[in-house]
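Read through the structure below, which is laid out as structure tokens, and then see the notes.
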Amino acid sequence: MTTSSTPHSAGLAVRWPWGLIVVAALIPLVGVVNLYSAAQNFIDPTIWMKQLLWAAGGAALAAAVARVKPSTLETVAWPLYVVTCVLLVLVLIVGTPIKGAQRWLDLGPFNMQPSEVAKIAIMLVVARLFARFEMSGGYTLLALARPLNISRPLGLVALVALRSYAQRRQVVVGFRKNGLDPPSVLDALDAARALPSPPREVTAALADLDPTWLAPVLLVVAAAWLVIALVVASRRRFEARSIIAPVDVILVPFVLVLIEPDLGTASIVLAIAASQILFAGMRWRDLFVSALVGVGVAYFAWNNLLHDYQRKRVETFLDPESDIQGSGYHAAQSIIAVGSGQITGKGWGEGTQTQLSFLPENHTDFAFSVLGEEWGFVGAVVLIVLFFALVALMLRAAGRATDRFSALLAVGASAMLFWHAFINVGMVIGVLPVVGVTLPLVSYGGSSMITKVIAIGFAVNAAAQARRAG
């Protein structure tokens, strides 16, 4: 195992990669034009102006990031990661519940979504981890997971506790949504069962509780695992990596986001880290085993971790006509909107699904549907080509980076944009289930816009290094 580091030059005299910058600027402009149309019947038709301000603020931050030395970005990776994890815990405790999910912190004039910050934090910390340590021949699954680390069984205990907390909190949210005085999280189950006729949301939350046998079994497994890990740890010299493995670093924010619940964002966090690890290099045999493990984890999550409404979305995706007025409504209206646009669209501001409010969440998750309806196949293809060009230019910046950290960081940034766009477009046109993933740089949202533009700044930073060195 060898160690690599980033150059510690006095500063970056930025030679801007204008091709990347121009493409990156065009997509938010398309988004603002699209948002102007989508917001005409919205409660606040001026949200396109707010989006423009968020984009401008993000661009200023991205320009600042492009000038920062890679060594400085490495230095802030762990502090930002720790702060982000604290924010993710806080949002579970004191976050603002919106539409049954607790994903936002109320900061007065605006709401903050810590899960967006988690995407930046994970790409920074994974880049730092894999820039510092390389393995000849590629990383192995054992090196990434370290199954006999003490943290693994402790993490299982934490997962049981967090899962129990999240389920009780869903009961509290059910009370709030029906105007009832919410109990404390600890008293939630007793209070719900004491109601003579619980509201539908409370009944659904109670039905979603884990089987009574699951927690004791997992705790027994964790206890046995911990004993074995302690015995193994006692026979070797203590090191930090005896406790913390790369998988631990990735799973902490992933699990915290998952129990908000926010399956879409949790998947993006995992996809960013996985893309960076693949770029860093992994042995094919271990990659295959990892895929099998992933299938097993997905099966376990389907049966024990996903909420009923999340499972219902997947089932509706597989059989769209099974609940077209319920969980399948969003997908059905989206497909109608995109299909009705045909080749050249109905014209800006003329989309009937959009302007007559048949299309839900048309300013966020289904912004691409608005574009498809009003600008047609041609407009949709133009936007997709812009996304492919942006990701390709960011990957080229990664390939030309002068140090491993910057390369991994640019890969993480491009992966975030790629997976966001891929999942969003897929769910909008009906080839993927609806999981609440927005279209980057196009969908409305301040936290989302700023984090995406900062990520582009990481790629600009890598490209600037290459130009400066060349």
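Each value in this text was obtained by applying a stated rule to the coordinates, not by laboratory testing. Worth saying up front: this structure is predicted, and the values here are computed from it rather than measured. Please note: Cβ atoms are built from the backbone with ideal geometry, for glycine as well, and neighbour counts cover all protein chains shown.
Could you calculate, for the range 410-470, the ratio of the Cα radius of gyration to the Kirkwood radius, expressed as Rg to Rh?
Rg/Rh for the range 410-470 comes to 1.11.
Based only on the alpha carbon positions, what is the Kirkwood hydrodynamic radius of the range 350-441, in angstrom?
14.3
Per residue, how big is the convex hull of the range 16-94 when only Cα atoms are used? Give it in Å³.
Per residue, the Cα convex hull of the range 16-94 comes to 122 Å³.
Do the alpha carbons of any pairs in 119/346; 50/119; 177/452 sit beyond 30 Å of each other, and which pairs?
119/346; 177/452
By average Cβ neighbour count within 10 Å, what is the ranking of 215-228, 427-440, 85-98 from highest down?
Values: 215-228: 13.9, 427-440: 21.8, 85-98: 16.0.
Highest mean packing first, the order is 427-440, 85-98, 215-228.
Restricting everything to alpha-carbon atoms, can you work out Rg to Rh for the range 90-234 with a Kirkwood hydrodynamic radius?
1.08
On the first, second and third principal axes, largest extent first, how far apart are the outermost C-alpha atoms of the range 162-202 in Å?
27, 18, 16 Å, listed from the longest principal axis down.
From the P(r) of the range 50-118, can you give the percent of Cα pairs sitting at distances over 13 Å? All intermediate terms of the calculation are to be shown ahead of the outcome.
Numbers: 1697 of 2346 pairs.
Beyond 13 Å sits 72 percent of the P(r) for the range 50-118.
Using a 10 Å cut-off on Cβ atoms, rank the peptides 186-194, 396-404, 139-147, 412-420 from the highest mean neighbour count down.
In descending order of packing, they fall as 412-420, 396-404, 139-147, 186-194.
Can you run phi through the Karplus equation (6.51, -1.76, 1.60; θ = phi - 60°) for the range 429-439 and list ³J(HN,Hα) in whole Hz, with x for Gly and Pro?
Going residue by residue, I get 9, x, 9, 9, x, 6, 10, x, 9, 7, 8 Hz, with x marking Gly and Pro.
Would you kindly derive the ³J(HN,Hα) couplings of the range 151-163 from the backbone phi angles with the Karplus curve 6.51 cos²θ - 1.76 cosθ + 1.60 (θ = phi - 60°), listing them in order in whole Hz, with x for Gly and Pro?
The phi angles translate into 5, 5, x, 5, x, 5, 4, 4, 5, 4, 5, 5, 5 Hz.
Report the convex hull volume per residue for the range 405-444, counting only C-alpha atoms, in Å³.
Value for the range 405-444: 70 Å³ per residue.
Three principal axis extents, largest first, for the C-alpha atoms of the range 53-171, in Å?
49, 42, 19
Residue by residue through the range 282-291, which ³J(HN,Hα) values in whole Hz follow from phi under the Karplus form 6.51 cos²θ - 1.76 cosθ + 1.60 (θ = phi - 60°), with glycine and proline marked x?
After applying 6.51 cos²θ - 1.76 cosθ + 1.60, I find 9, 5, 4, 4, 6, 5, 5, 4, 4, 5 Hz.
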